[in-house]
Amino acid sequence: MTDIELADAVESVRDQLIEAASRATGRPVAFEVGDIEMEFTIELRKEVKGGAKVKAWVVEAGADASRARGETHRVSFTLKPRNAATGQAWLVGNEDEADLSDFGATGPR
């Protein structure tokens, strides 16, 4: 089984949205990105390296059938993409060159 952290799975969706926006630059039709509903089967594991903390790992489709009941959990959530610079709904495709410098930016950690 290939371990994929839940954060990596969500990051992959964000990367694909950025790629779609980049490909749509200069096209005559723009789409507003609506709510993104995500659902995963995850396994919670306690990592002992570097301090004990719990991480959520996405379980591959079909892999959960071989696991004991109770080891996996279903998690679902909705993401509402926004332009980080303007706070407005995010559009995929426009007439101007895409400025993605602030997309996904977060404040100080």
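The values are calculated or read from the model by the stated rules, or taken from the named source; none is laboratory data. Note that the structure is predicted; figures quoted are calculated from it, not measured. Note that we place each Cβ from the backbone using ideal geometry, even for glycine, and neighbour counts take in every protein chain shown. Heavy atoms of the whole protein, side chains included, go into the accessibility calculation; ligands, DNA and RNA do not. Shrake-Rupley method; radii C 1.70, N 1.55, O 1.52, S 1.80 Å.
A count restricted to the stretch 3-53 and to residues that are small (Gly, Ala, Ser), surrounded by fewer than 14 Cβ atoms within 10 Å (Cβ to Cβ) and more than 18 Å from Val92 (Cα to Cα) stands at 4.
Every listed requirement among (1) of a type outside the set (Gly, Ala, Ser); (2) farther than 18 Å from Thr25 by Cα; (3) assigned to a loop (DSSP other than H, G, I, E, B); (4) modelled with pLDDT of 65 or more is met by Asp102 save one, (2). For the stretch 69-85, a residue qualifies if it is open to solvent by 80 Å² or more (accessible area, probe 1.4 Å) and farther than 24 Å from Arg45 by Cα, and the qualifying residues are Lys80, Arg82. Residues of the stretch 86-99 that are closer than 23 Å to Glu37 by Cα, exposed (fewer than 14 other Cβ atoms within 10 Å of the Cβ) and either of a type in the set (Gly, Ala, Ser) or at pLDDT below 80 (or both): Gly87, Ala89.
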